[in-house]
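Before any comments, here is the structure.
The values are calculated or read from the model by the stated rules, or taken from the named source; none is laboratory data. Predicted model only: the values in this text are computed from it and were never measured. Every residue, glycine among them, receives a Cβ derived from its backbone with ideal geometry; neighbour counts consider all protein chains shown.
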Amino acid sequence: MSGIINSSIARKFAMALSAFFLMFFLLQHFVINVTSIFPNNGKTFNELSHFMGTNPLIQYVMQPILIFGVVFHFVMGFILEIKNNNARAVKYAKNNGAANSTWMSRNMIWSGGFILVFIVIHFIDFWFPEINTKFIQGDWSGMHNGEFRYFEELKHKFVAPWRVGLYVVGFVFLALHLLHGFNSAFQSVGANNKYTKGLKTFGKLYAILIPLGFAVIAIFHHFNH
Ligand code: HEM
């Protein structure tokens with residue numbers, strides 16, 4: 001572990017690997033959540049949520065790996081930022097930032113920080129209640145009043161306009177973070193070849209469409225509860 005922290009190339013590489021893992025998680029999270037706006041009154045969403053929420057492989061293997069990945073990415077991000085600032089012991093006489101780097105690349109720590117705030121709120125909204133129901137109350141049935149509870153719980157969360165607003169701000173920061181992060185992660189693992197142009201286009205599409213899709217889901221439920 002100290003090797004990763006002390007070598008700048010290893011740090012960037014580890015950061016990129018955790019980023020790939022989180023981007024893959026985000027895609028599957030989106031695919032499951034988007035079923036909540038299908039015109040079948042939450043049937044698909046309920047079935048997928050129940051499978052994900054009760055499958056032992058997901059719960060006891062994938063979920064701990066995911067939580068480790070989230071914490072690792074944030075901690076390494078902060079370490080990278082501090083180390084980079086210290087390495088620049090003599091501050092640039094003139095920071096000509098906009099000329100040779102984008103706003104997104106210079107502000108990854110801020111967009112990442114806001115995503116961290118979003119994740120804490122998001123865990124309080126969804127994840128902690130889920131952990132409470134299953135692991136503390138011991139109720140793995142997924143039922144409430146004779147029906148699956150997941151879809152109703154989701155809709156209920158997006159009634160309050162302030163929460164929808166906060167989530168949408170979170171998704172904007174997520175888009176800004178991904179707009180730089182996606183391609184930066186590929187560069188860190190040396191993916192600089194004839195596919196770079198296509199990869200860049202794909203990265204931009206991913207960075208815009210996934211957060212936009214999440215925003216559509218939140219807004220949809222706000223107007224359809
Ligand atoms: C409209 C948008 C979103 C909705 C409706 C939503 C919904 C949910 C729900 C229902 C859970 C609980 C899953 C469970 O444990 O059974 C959850 C967990 C989680 N969400 Fe989201 N989410 C959204 C956006 C996001 C975004 C943008 C991120 C990341 C930046 C994110 C990260 C997570 C994480 C890390 C967990 C805990 C891991 C897990 O599923 O076990 N979510 N979300």
Query raised in the report: Going by the structure shown, is LEU205 of a type in the set (A, V, I, L, M) and farther than 25 Å from ASN55 by Cα?
Result: yes
Query raised in the report: Does PHE223 satisfy being among the aromatic types (Phe, Trp, Tyr), over 28 Å from PHE20 (Cα atoms) and more than 9 Å from the ligand (Cβ to nearest atom)?
Result: yes
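May I ask you to say which residue of PHE68, PHE51, PHE74 is more than 10 Å from the ligand (Cβ to nearest atom) and within 26 Å of GLU152 (Cα to Cα)? So that I can check it myself, show each step before the final result.
Details: PHE68 fails: within 26 Å of GLU152 (Cα to Cα); PHE74 fails: within 26 Å of GLU152 (Cα to Cα).
Just a single option satisfies the conditions, and that option is PHE51.
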Query raised in the report: Given ALA185, ALA207, ALA175, ALA218, which one is part of a helix (DSSP H, G or I), within 9 Å of the ligand (Cβ to nearest atom) and either touching a helix residue (DSSP H, G or I) at 6+ places or on another chain (Cβ under 9 Å) or closer than 23 Å to GLY77 by Cβ (or both)?
Result: ALA218
Requested in this report: Test PHE123 against the stated conditions and say whether it is modelled with pLDDT of 95 or more and within 11 Å of the ligand (Cβ to nearest atom).
Outcome: yes
Query raised in the report: Which residue pairs have Cβ atoms under 8 Å apart, sit 6 or more places apart or on different chains, and have a first residue in the range 69-83 that is at negative phi and a second that is within 11 Å of the ligand (Cβ to nearest atom) and small (Gly, Ala, Ser)?
Result: PHE74/GLY112; GLY77/GLY112
Report summary line: Note on the range 140-172: residues among the acidic types (Asp, Glu) and within 12 Å of the ligand (Cβ to nearest atom) are GLU152, GLU153
Query raised in the report: Going through the range 55-65 one residue at a time, which ones are within 10 Å of the ligand (Cβ to nearest atom) and loosely packed, with under 11 Cβ neighbours inside 10 Å?
Result: PRO64
Requested in this report: Among the candidates VAL169, VAL159, VAL216, single out the residue that is farther than 21 Å from TRP110 by Cβ and under 21 Å from the mean Cα position of the chain (by Cα).
Outcome: VAL216
Requested in this report: Please state which of the following conditions SER188 fails to meet, knowing it meets all the rest: (1) polar (S, T, N, Q); (2) within 23 Å of LEU48 (Cβ to Cβ); (3) in contact (Cβ under 8 Å) with a residue 12 or more places away in the chain.
Outcome: (2)
Requested in this report: Return the pairs, sorted by first residue and then second, in which the second residue is part of a loop (DSSP other than H, G, I, E, B) and near the ligand (Cβ under 9 Å from one of its atoms), the first residue lies in the range 153-175 and is free of Cβ contacts under 8 Å to residues at least 12 places away in the same chain and within 20 Å of PHE114 (Cβ to Cβ), the beta carbons are less than 9 Å apart, and the residues are 6+ apart or on different chains.
Outcome: none
Requested in this report: Could you list, in sequence order, all residues of the range 188-225 that are closer than 24 Å to PHE114 by Cα and of a type outside the set (A, V, I, L, M, F, W, C)?
Outcome: SER188, GLY203, LYS204, TYR206, PRO211, GLY213, HIS221, HIS222
Query raised in the report: Got a sec? Which helices (runs of 4 or more DSSP H) wholly within the range 37-102 have at least 2 residues that are small (Gly, Ala, Ser) and modelled with pLDDT under 90?
Result: 97-100
Query raised in the report: Restricting the search to the range 33-58, which residues are more than 21 Å from THR133 (Cβ to Cβ), polar (S, T, N, Q) and out of contact with any helix residue (DSSP H, G or I) (no Cβ under 8 Å at 6 or more places or on another chain)?
Result: ASN40
Report summary line: The lone condition THR35 fails out of (1) within 15 Å of the ligand (Cβ to nearest atom); (2) surrounded by fewer than 16 Cβ atoms within 10 Å (Cβ to Cβ) is (2)
Query raised in the report: Looking at this structure, is TRP110 surrounded by fewer than 17 Cβ atoms within 10 Å (Cβ to Cβ), modelled with pLDDT under 95, within 16 Å of the ligand (Cβ to nearest atom) and closer than 30 Å to ILE82 by Cα?
Result: yes
